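The values are calculated or read from the model by the stated rules, or taken from the named source; none is laboratory data. All of these numbers come straight from a predicted model, not from anything done at the bench. With ideal geometry, Cβ positions are generated from the backbone for all residues, glycine too; neighbour counts draw on all protein chains shown.
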Amino acid sequence: MATNETSKGGGAESIRTVGVIGAGQMGNGIAHVIALAGYNVRLNDLSKERVDGALAIIERNLGRQVGRGIITEENANSTLGRIGFAESFEDFGDSDLVIEAATEDEQIKRAIFVDLCPHLKPEALVATNTSSISITRLASVTDRPEQFIGMHFMNPVPLMQLVELIRGIATEDGAFACCRQFVESLGKIIAVAEDFPAFIVNRILLPMINEAVYTLYEGVGTVESIDKAMRLGANHPMGPLELADFIGLDVCLSVMQVLYDGLADSKYRPCPLLVKYVEAGWIGRKSDRGFYDYRGEAPVPTR
């Protein structure tokens, strides 16, 4: 990370400082792994309180890694020292790469990119952590579609090995190669996906979750029996409804809507019960209620 080549032509060594937009579950995990790999990180959200909360989570997760012998105490402290607060997009002026990890809402993401780009240096790369939205469409609102890419990290970011890399129709080879080297430098494994709705992982995973919700909706099984069946019958580490709560039912609904709208196939129609839970604000672990109620000592099925 010592050269000053432009991002379009250089490799991962041209990336030294990375901006991250969004300090939620995905954003703080992305900031964690990037800083741990030795890069400087500027973390932005709507308020300093949100970033402070993210830093507390990162510190706690680094502590767990120390406890498991994965990293040293010195590694943890230096990692935290490389993460700074970006009060506004103006603070991304020296960033070589900016990764957007805001909520999975296309209009919000488009507005972010429109506001962001005027503050970036010409050679800076821009990535989105979207799990389903068209990279080409998002890139079109920027001043640099050739330097725009999809970089979809899996949740929880510090634990999951995979990153999906998705190029838009305009993404240049040099930008793609640079981002590929950067992701590999984080110790992650890459799956290259084409720019189709929901890419690879969510194109397969979310319809399965949606079908589990239909199975519940139609009374084929209870929350407990559906999750038990898939854990023990298909050897899944987590049942589909428990996984939906972990992902966030709002995110699950958003991805299913992208699939339904983008592919025009009735098999992707979001289950009405999923819609009802989201309308109720029961969106999973982050709201303390979803298909399970998390307000007590142990999760209790809500149906």
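Numbers for the structure displayed
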{"item": "Flag for THR103 being at pLDDT below 95 and either within 18 Å of MET26 (Cβ to Cβ) or touching a helix residue (DSSP H, G or I) at 6+ places or on another chain (Cβ under 7 Å) (or both)", "result": "yes"}
{"item": "Odd one out for ASN235 among (1) part of a helix (DSSP H, G or I); (2) more than 23 Å from ASP288 (Cβ to Cβ); (3) free of Cβ contacts under 8 Å to residues at least 24 places away in the same chain", "result": "(1)"}
{"item": "Every residue from the stretch 71-117 that is in contact with a His (Cβ under 7 Å, 6 or more places away or on another chain) and in a loop (DSSP other than H, G, I, E, B)", "result": "GLY93"}
{"item": "Boolean, LEU97 is within 18 Å of ALA31 (Cα to Cα) and at pLDDT below 95", "result": "no"}
{"item": "Search result, residues across the stretch 132-177 that are of a type in the set (Ser, Thr, Tyr) and at pLDDT 95 or above", "result": "SER134, THR136, SER140, THR142, THR171"}
{"item": "Residue satisfying all of: in the stretch 85-104; exposed (fewer than 15 other Cβ atoms within 10 Å of the Cβ) and touching a residue at least 40 places away in the same chain (Cβ under 8 Å); nearest to the chain's Cα centre (by Cα) among these", "result": "THR103"}
{"item": "Tally of residues being part of a loop (DSSP other than H, G, I, E, B), within 25 Å of the chain's Cα centre (by Cα) and either within 9 Å of ASP245 (Cβ to Cβ) or aliphatic (A, V, I, L, M) (or both) across the stretch 283-298", "result": "4"}
{"item": "In the stretch 248-282, the residues that are surrounded by fewer than 21 Cβ atoms within 10 Å (Cβ to Cβ) and assigned to a loop (DSSP other than H, G, I, E, B)", "result": "ALA264, ASP265, ARG269, PRO270, ALA280, GLY281, TRP282"}
{"item": "The listed residue being in the same structural domain as ALA102 (by TED's automatic domain parsing), within 21 Å of VAL163 (Cα to Cα) and modelled with pLDDT of 95 or more, out of ASN28, ASN44, ASN77", "result": "ASN28"}
{"item": "Test for ILE209: is it surrounded by 17 or more Cβ atoms within 10 Å (Cβ to Cβ), at pLDDT 95 or above and closer than 30 Å to PRO118 by Cβ", "result": "no"}
